[in-house]
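Q: Here it is, the structure in full.
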Amino acid sequence: MTIFSKIVSGEIPCNKVLENEEFLAFHDINPKAPVHILIIPKKEYKCFQEVDPKIMVGLTEFTQKVAKLLGLDESGYRLITNNGSDGGQEVMHLHFHLLGGSKLSWNHLSDSDSHKFL
Ligand code: 5GP
């Protein structure tokens, strides 16, 4: 059972933003932007590569609602999913990071190789 499944079951508390039968949005414990929300399917998919594409329709609608609820729909935001080891995924339960609340810099490439892309 992943730490996020424990959050879904209520075993571990979270600062909830929005919930429905299938999805949950809550504040990241270690925010990397003024607003940093994690959006997860309650069902445990290991990563984006293994997700059932059909759930992405509902997840898209849910994410749009979260952005609107937080007033980010007009100002903009960044939506990220880290997939697997090279993607920097730490919690193996599919989740999207919704980041906003200020102009975000673009420095999320590989730390060691970022100079090659600048
Ligand atoms: P990843 O690196 O897997 O894409 O992101 C995992 C995210 O989960 C990190 O941003 C981390 O701060 C967050 N996180 C890890 N454990 C917890 C927790 O117990 N509660 C909350 N709210 N966030 C967590």
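The values are calculated or read from the model by the stated rules, or taken from the named source; none is laboratory data. Quick caveat, the model's predicted, so the values are computed rather than measured. So basically every Cβ, Gly included, is an ideal-geometry build from the backbone, and we count neighbours across all protein chains shown. With ligands, DNA and RNA removed, areas are computed over all heavy atoms of the protein, side chains included. Shrake-Rupley method; radii C 1.70, N 1.55, O 1.52, S 1.80 Å.
Q: Does the stretch 17-38 include one or more residues that are farther than 21 Å from ASN82 by Cβ, in a strand (DSSP E or B) and at pLDDT 95 or above?
A: yes
Q: Let me ask another. Checking LYS46 against (1) within 21 Å of GLY100 (Cα to Cα); (2) within 15 Å of the ligand (Cβ to nearest atom); (3) open to solvent by 90 Å² or more (accessible area, probe 1.4 Å), only one condition comes out false. Which one?
A: Going through (1) within 21 Å of GLY100 (Cα to Cα); (2) within 15 Å of the ligand (Cβ to nearest atom); (3) open to solvent by 90 Å² or more (accessible area, probe 1.4 Å) one by one, LYS46 breaks only (1).
Q: Oh, and also: For the stretch 89-108: of the residues being farther than 9 Å from TYR77 by Cα and without any contact (Cβ under 8 Å) to a residue 40 or more places away in the chain, which is least open to solvent (accessible area, probe 1.4 Å)?
A: Across the stretch 89-108, the extreme among qualifying residues is SER105.
Q: Turning to a different aspect of this structure: Hey, could you check the stretch 57-88 for residues that are in contact (Cβ under 8 Å) with a residue 24 or more places away in the chain and away from the ligand (no atom under 16 Å from the Cβ) and say which is surrounded by the fewest Cβ atoms within 10 Å (Cβ to Cβ)?
A: The extreme case among them is GLY76.
Q: Return the pair list, or none, for Cβ contacts closer than 8 Å from residues in the stretch 1-26 that are within 8 Å of the ligand (Cβ to nearest atom) to residues that are among the acidic types (Asp, Glu) and open to solvent by 60 Å² or more (accessible area, probe 1.4 Å), at least 6 apart or on different chains.
A: PHE4/GLU44
Q: Then there's this: Evaluate the following for HIS36: is it open to solvent by less than 90 Å² (accessible area, probe 1.4 Å), touching a residue at least 40 places away in the same chain (Cβ under 8 Å), within 13 Å of the ligand (Cβ to nearest atom) and not hydroxyl-bearing (Ser, Thr, Tyr)?
A: Judged against the criteria, HIS36 is a match.
Q: Got a sec? Which of ILE37, ILE7 is of a type outside the set (S, T, N, Q) and in contact with an Asp or Glu (Cβ under 8 Å, 6 or more places away or on another chain)?
A: Within the list ILE37, ILE7, the selection yields ILE37.
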